[in-house]
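Just so it is clear, none of the values below were taken in a lab; they were calculated from the coordinates. In this text, all values refer to a predicted model and were calculated from it rather than measured experimentally.
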Amino acid sequence: MATTKRKFSASTDGRGVLITGTSATGTIIHTAITGTSTLDEIWVWAVNTATVTKKLTVEWARSTGQSGQQVEFTVPSEDGAYLIIPGWVLQNGRTVRAFAATASVVHCHGYVNRIA
């Protein structure tokens, strides 16, 4: 199997994705590859720049007309990057989205290993 490392589909030049959404559907982080013969192994770290702890909700495997599976995290304030998605896999155009208790204070950084 061949593996290539990629940035999130919603990342600009490999920068972290600023979470601006505060409710369901939130901010898109990554859209997995279309089809079922290749997998995207997704690694996400969250950074909270606020002065207080923030709740971050990730909607995993969302697709058109179907909500994602929600996973909630508490991200400590001003304390570095916290691993929140440790290499979970997606395919078939499913998305990873997130929303936070407060807009524009949490960034999601990471990468995708595309496995063919």
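The aspartates and glutamates within cross-link reach of K7, meaning a Cα-to-Cα straight distance under 14 Å and a gap of 8 or more places when in the same chain, are D40, E41. Per-residue 3J(HN,Hα) values for segment 23-30, derived from phi via the Karplus relation 6.51 cos²θ - 1.76 cosθ + 1.60 with θ = phi - 60°, read 8, 3, 6, x, 9, 6, 9, 7 Hz in sequence order (x marks Gly and Pro).
When Rg and Dmax are taken over the Cα atoms of the chain, they come to 13.6, 44 Å. Backbone geometry of segment 16-21 corresponds, through the Karplus equation with coefficients 6.51, -1.76 and 1.60 at θ = phi - 60°, to 3J(HN,Hα) couplings of x, 9, 6, 7, 9, x Hz, x marking Gly and Pro.
Restricting the calculation to alpha carbons of segment 2-57 gives Rg and Dmax of 13.6, 44 angstrom. Residue by residue, segment 78-93 carries 3J(HN,Hα) couplings of 6, 9, x, 9, 10, 5, 10, 10, x, x, 5, 10, 9, 7, 6, x Hz when phi is fed to the Karplus relation 6.51 cos²θ - 1.76 cosθ + 1.60 (θ = phi - 60°); x denotes Gly or Pro.
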